[in-house]
Amino acid sequence: MNAIVVMQNVSRLFAENSGVAALDGISLDIERGEFAAVVGPSGSGKSTLLNLIAGLDRPTSGRVEVCGIDVGGASESALAKHRRKGVGFVFQFFNLIESLTVLENVMVPAELAGVRRGKAKARALEQLDELGAAELARRYPETLSGGQRQRVALARALINAPDLVLADEPTGALDTRSGKNVMDLLAGMNEAGQTVVLVTHDIKLAASYGRRILTLRDGRLADDTRLSVQRTGTAADLIGWTAEGR
Amino acid sequence: MSLRLGILGLLTSGPLHGYEVKQQFEEILAGTWDLNIGSVYQMLQRLERDGLVQPSGSRGDRGRQEFVATEEGRRLFDEWLDNPDKQPELLREEIYVKVLLLALQREPDTARILKVLDNQRHAYLQRLRDLADQERAVQGTSSGQTGSPLALLFQAGRLHTEASLKWIDACVEQLSRN
């Protein structure tokens, strides 16, 4: 077993001493190479869970270990390093810096991680090219469509070759077709070995791409389902035409 | 779904012989339906007997006879198209009856109902996965592209399953609150 995320009896209160838990006694492991989807209604603790994995937040109690780092006990600088190198983020609203070109946006995490400018630029171009967005390099975010923005955000998330990609409602602001393209890119990364954790309220999206569905309810892990590829239920079955044909 | 209307529908857009009917059906459903050629000929005979299709042209090579919808056949098909499904909502799956029967017991066992719902939820999640995999499998084919009849059919399947999952989540929420 090679877990990249280990959570043991993790709780997170909304505020210190508030007594109200955003997460309440969560225990789970996520293995390297998994594509896990976290679903649940709003307020169920999805984002809190993701923030803990990202090292943006610390647990009130319990143990969170991500990429070998103890998120509860690590120093602020160790967590900052984890955020820069260990994980790549994809957000619903892209979070691109409007005053920077696409290329410069993609370079940001590499430069923050201490990569020299020339090398960061070469890497950013390579990453954009891999995602079919090389021609966007000199443009500014405001001139891009939603689908193009998310492609750029994916390139930015991947530039430091993180162990883990965290996607929070990555298709939430996209039309169906662009959303599908972005999800196909995430699926491609996962097939190439990347661990992906997707947070979404869209159960269709979760089950279409995730191999494992983690369901949160009221801050608790209500269900953990692994899906298999079994290819049952054809188009003909859907409209009940099978029996008559035989 | 009736094969009779399916074949009649295909023959309203032009003459086809039996084998072409089989092929077109299988193409629409991306080869997931293995239509028996015997059933096709049988149905063509019945449609002809009922005056809904008629032979078109002379027998071609290998004795194949094309058929096309008659005026009467077109009229019947149009009438069917124009009449929406009006029967009451049908909840065909057994889960509804299971929950109903468990809830009606003198001392309803909430834990048992939740377990039954949970099992069904797993099955629905897997169904969503299967539909997505099926859809991906046909996407490269001409019949499976975005906006094609087949893609629309898979979309319907996914949305129905999503509705079922939402119903289960609503049940769980209400039962857990009691």
Given A:L198, A:L144, which one is modelled with pLDDT of 90 or more and closer than 21 Å to A:L103 by Cβ?
A:L144
Assess whether B:A132 counts as being surrounded by fewer than 16 Cβ atoms within 10 Å (Cβ to Cβ), at the interface with chain A (Cβ under 10 Å from one of its Cβ atoms) and within 22 Å of A:S228 (Cα to Cα).
no
So B:L153 ticks every box in (1) closer than 21 Å to A:S228 by Cβ; (2) buried (at least 19 other Cβ atoms within 10 Å of the Cβ) but one. Which box is left unticked?
(1)
Does segment B:1-45 hold any residues that are away from chain A (no Cβ under 13 Å), surrounded by 14 or more Cβ atoms within 10 Å (Cβ to Cβ) and either acidic (D, E) or not in a helix (DSSP H, G or I) (or both), and which are they?
B:T12, B:P15, B:L16, B:H17, B:E20
Given (1) surrounded by 16 or more Cβ atoms within 10 Å (Cβ to Cβ); (2) in contact (Cβ under 8 Å) with a residue 60 or more places away in the chain; (3) of a type in the set (G, A, S), where does A:G33 come up short, assuming only one miss?
(1)
Scanning segment B:1-38 for residues that are in contact with a Leu (Cβ under 6 Å, 6 or more places away or on another chain) and on the phi > 0 side of the Ramachandran plot gives B:A30
Only one of A:A187, A:A192, A:A222 that is under 19 Å from A:V87 (Cβ atoms), touching a strand residue (DSSP E or B) at 6+ places or on another chain (Cβ under 9 Å) and not basic (K, R)
A:A187
Go through A:A134, A:A122, A:A74 for me and flag whichever is of a type in the set (A, V, I, L, M, F, W, C) and open to solvent by 50 Å² or more (accessible area, probe 1.4 Å).
A:A122
Having 2 or more residues that are under 30 Å from A:M7 (Cα atoms) is the bar; report the helices (runs of 4 or more DSSP H) wholly within segment A:52-145 that clear it.
A:76-81, A:102-112
Close pairs from segment B:60-88: first without any contact (Cβ under 8 Å) to a residue 12 or more places away in the chain, partner part of a strand (DSSP E or B) and loosely packed, with under 10 Cβ neighbours inside 10 Å, Cβ under 6 Å, at least 6 apart
none
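The values are calculated or read from the model by the stated rules, or taken from the named source; none is laboratory data. Here the structure is a predicted model, which means the values were calculated and not measured. Cβ coordinates were reconstructed from backbone atoms using ideal geometry, including for glycine residues, and neighbour counts include every protein chain displayed. Protein only, heavy atoms only, side chains kept; ligands, DNA and RNA dropped before computing areas. Shrake-Rupley method; radii C 1.70, N 1.55, O 1.52, S 1.80 Å.
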